[in-house]
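The values are calculated or read from the model by the stated rules, or taken from the named source; none is laboratory data. What you are looking at is a predicted structure, and each value in this text was computed from that prediction instead of being measured. Every residue, glycine as well, gets a Cβ built from its backbone with ideal geometry; the counts of neighbours run over all protein chains shown. All accessible areas refer to the heavy atoms of the entire protein, side chains included, with ligands and DNA or RNA removed. Shrake-Rupley method; radii C 1.70, N 1.55, O 1.52, S 1.80 Å.
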Amino acid sequence: MSSLIRTENLSHVYANRAQSQSIAALNEVTLALARGEYLAIVGANGSGKSTLARHFNALLLPTEGNVWVNASNTRDVSNLRAIRQAVAMVFQNPENQFVATVAEEDVAFGPENFGVPPRELHARVDAALNAVGLGSLRARAPHMLSAGQQQRLAIAGALALQPVALLLDEATAMLDPRGKESVMNLAAQLHRQGLTLVAITQAMEEAAQAERIVVMQSGRVVLDGAPREIFAEAARLRALDLELPPFAEIAAQLSQQVSDFPHNILTLDELVAAIIARHSNHHARPFNAGDQARVNSLPPPPRGGGLGRGQHPIIETRALRHIYLRGTPRAVEALRGVDLEIYSGEIVGIIGASGSGKSTLLQHFNGLIRPGAGEGTVVVNGIDLSKPNADVRTLRQQVGLVFQFAERQLFERYVGDDIAFGPRQFHYSREEVRARVRRAMARVGLDFDEFKDRVTLTLSGGEKRRAALAGVLALEPRVLVLDEPTAGLDPRGRREFLAQLKEWRAKENLTSVIVSHHMDEIAEVCDRVYVLDEGRVAFSGSPRELFSRVEELASFGLNPPPALKLAQSLRARGVAIDANVLTIEEVVAAIAKFLTGGS
């Protein structure tokens, strides 16, 4: 196959306007992408993934070296129009790409600007909307679509250009499990139809679906090969702050505990087959009733402090309702009588499909949205937000909120100034402000001396999220409210953040409320979980209780964690292991015991 995109000694340096500092994002990258190929680009935050992708369609031009698209050099400005029509890009936040107030008009915007005649334009819009399954929603406003529908609409806008390549930059990071599956299935279908695909992702299970993976570190390509080859380099990947896909990680851990167990496994089906084959080949004894009883006696996850009987909740809602655009034809009831209690020192998860009301609920916790007459009550740390004289200023110091798109919270030029903004509003001394900034940056893994004078616009997506979180932590709140806190973070960043949450709870009794579409994260860190479904509380209880209800999960548009999915698949094949495991460590222990006949 001929090369569609080729780079040669590509380097790129970001510099601020004053030229007082520069960031080398790419260093002498040379690679070729074949026409019709499906490539995944992975790497830790700041490794240069998105910068490289933006050179593939000339959104960025090389500082040094060259990039060719369809044999046209991106340095030649006369080639830019054809290049940007040939290589379309879909970003992590689709709202950043919408320019029209009607879905079909937004899809038409790109080809119309390339001079496509009206008859062909209509045909392209129809084909693109039907390809992503949004034909029936063509007259809907983009902002009235769910997150998954918005992402598919952004893809439709790209497809209407009839590109030869599609770049997806963290395109599923904010989607619920059902929306993520929909976008990935669409990507696979487009690739089968001959479209060249490039996916920039932190989700290793998504990277495993590609034909080829490029791994980046410090602006350089350090690994390049087929998924099975790349994920065979487990130790190397961990050294690069990356991880294996979940089922590959389970296989790798089993291979260390069970003799002759294969480690070069990527998918659930492969793993189930390997476990059954290993059991058959070695004649391991099956579990008896006593074995099963011991496996089923796994201890419940630890609960947070402050859950004693009689304690008052730190956050409590009663009969909470909220209607957007009340009194208009487009009124939407986002919350429908939500009752909720959160206690000091807990880590509580709030999950549900896109559009279920999660983000609306979170914004009530620090008074960004306040209940009106007849809309119920919200009481946070003794402050009743339904009362006109509620002390919202004090509340917002006590309850820190990090939004779903945390990078939108950054507005100062320099990182240090942005983090210092909150403490300055409360008139702390200069020394205290500096100390708080230093402590907050340390808590999110940003070196004070390295990052305090960095221009915020030069940060990677993951670094922006860390800086936004640091700006909230600098107020040293009692409650941390987090909307998709790990989206955009690399695997190491996610692991460190989840560990940090548990440490803050243990050492500071910090209360955390997390909205997440990652069920494995909910299973790992949360004491309790609320499921929202169409604005109502559909379930409340422990993660272990929730994930044991497989049919209900599916009805909520959710998936079980990978460990539980494996256990359920094995039990469906007659392998008697606990179907109530939540973490990779638990399922590995249960399977190893089964395969080795341990007691």
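Is the range 214-221 home to any residue that is open to solvent by less than 10 Å² (accessible area, probe 1.4 Å) and within 20 Å of L59 (Cα to Cα)? Scanning the range 214-221 turns up at least one residue that is open to solvent by less than 10 Å² (accessible area, probe 1.4 Å) and within 20 Å of L59 (Cα to Cα). Would you call T51 of a type in the set (S, T, N, Q), open to solvent by 10 Å² or more (accessible area, probe 1.4 Å) and more than 25 Å from E243 (Cβ to Cβ)? Spelling it out, it is not the case that T51 is of a type in the set (S, T, N, Q), open to solvent by 10 Å² or more (accessible area, probe 1.4 Å) and more than 25 Å from E243 (Cβ to Cβ).
What's the total number of residues in the range 384-404 that are of a type outside the set (D, E, K, R), closer than 26 Å to R438 by Cβ and open to solvent by 20 Å² or more (accessible area, probe 1.4 Å)?
To start, the set of residues in the range 384-404 that are of a type outside the set (D, E, K, R) comprises 385-386, 388-390, 392, 394-395, 397-404.
Next, from what is left, pick out any that are closer than 26 Å to R438 by Cβ: 394-395, 397-403.
This time we only want the ones that are open to solvent by 20 Å² or more (accessible area, probe 1.4 Å), so: 394, 397-398, 403.
Of the residues in that region, 4 qualify.
Taking the criterion of being free of Cβ contacts under 8 Å to residues at least 24 places away in the same chain and not in a loop (DSSP other than H, G, I, E, B), the residues of the range 106-120 that qualify are E112, N113, P118, R119, E120. Only one of the listed residues (T7, T74) is touching a residue at least 60 places away in the same chain (Cβ under 8 Å) and open to solvent by less than 60 Å² (accessible area, probe 1.4 Å). That residue is T7.
Evaluation of A506 against the conditions (1) more than 30 Å from E333 (Cα to Cα); (2) of a type outside the set (S, T, Y); (3) out of contact with any helix residue (DSSP H, G or I) (no Cβ under 8 Å at 6 or more places or on another chain); (4) at pLDDT below 90 shows that the sole unmet condition is (4).
Among the residues making up the range 164-188, those that are assigned to a helix (DSSP H, G or I) and closer than 19 Å to F556 by Cα are P177, R178, G179, K180, E181, S182, V183. May I ask you to say which residue of L553, L566, L532 is at pLDDT 90 or above, over 25 Å from F403 (Cβ atoms) and not in a loop (DSSP other than H, G, I, E, B)? The conditions single out L566. The one condition from (1) surrounded by fewer than 22 Cβ atoms within 10 Å (Cβ to Cβ); (2) under 19 Å from the mean Cα position of the chain (by Cα); (3) part of a helix (DSSP H, G or I) that Q209 does not meet is (3). Whenever a residue of the range 357-369 is more than 13 Å from V537 (Cα to Cα) and of a type outside the set (D, E), its partners that are in a loop (DSSP other than H, G, I, E, B) and open to solvent by less than 10 Å² (accessible area, probe 1.4 Å), lying with C-beta atoms within less than 6 angstrom and at least six residues away or across chains, give the pairs G367/L385.
Based on this model, can you work out whether A435 counts as in contact with a Leu (Cβ under 6 Å, 6 or more places away or on another chain) and modelled with pLDDT of 90 or more? Quick ask: steps written out before the conclusion?
Numbers: in contact with a Leu (Cβ under 6 Å, 6 or more places away or on another chain): no; modelled with pLDDT of 90 or more: yes.
No.
When the range 259-285 is limited to residues that are part of a loop (DSSP other than H, G, I, E, B) and touching a Ser or Thr at 6+ places or on another chain (Cβ under 6 Å), the one that is surrounded by the fewest Cβ atoms within 10 Å (Cβ to Cβ) turns out to be H263.
Only one of the listed residues (E64, E95) is among the charged types (D, E, K, R), surrounded by fewer than 17 Cβ atoms within 10 Å (Cβ to Cβ) and under 27 Å from the mean Cα position of the chain (by Cα). That residue is E95. Pick from the range 188-206 the residues that are of a type in the set (V, I, T) and within 20 Å of the chain's Cα centre (by Cα): which of them is surrounded by the fewest Cβ atoms within 10 Å (Cβ to Cβ)? My answer is T201. Just checking, does the range 225-232 include any residue being open to solvent by less than 20 Å² (accessible area, probe 1.4 Å) and more than 19 Å from D490 (Cβ to Cβ)? Yes, the range 225-232 contains at least one residue that is open to solvent by less than 20 Å² (accessible area, probe 1.4 Å) and more than 19 Å from D490 (Cβ to Cβ). Would you list the helices (runs of 4 or more DSSP H) that sit entirely within the range 394-489 and hold 2 or more residues that are touching a residue at least 40 places away in the same chain (Cβ under 8 Å), under 21 Å from E503 (Cα atoms) and aliphatic (A, V, I, L, M)? Passing ranges, in order: 461-473. The residue of the range 516-554 that is surrounded by the most Cβ atoms within 10 Å (Cβ to Cβ), among those that are closer than 18 Å to Y343 by Cβ, β-branched (V, I, T) and in contact with an Asp or Glu (Cβ under 9 Å, 6 or more places away or on another chain), is V529.
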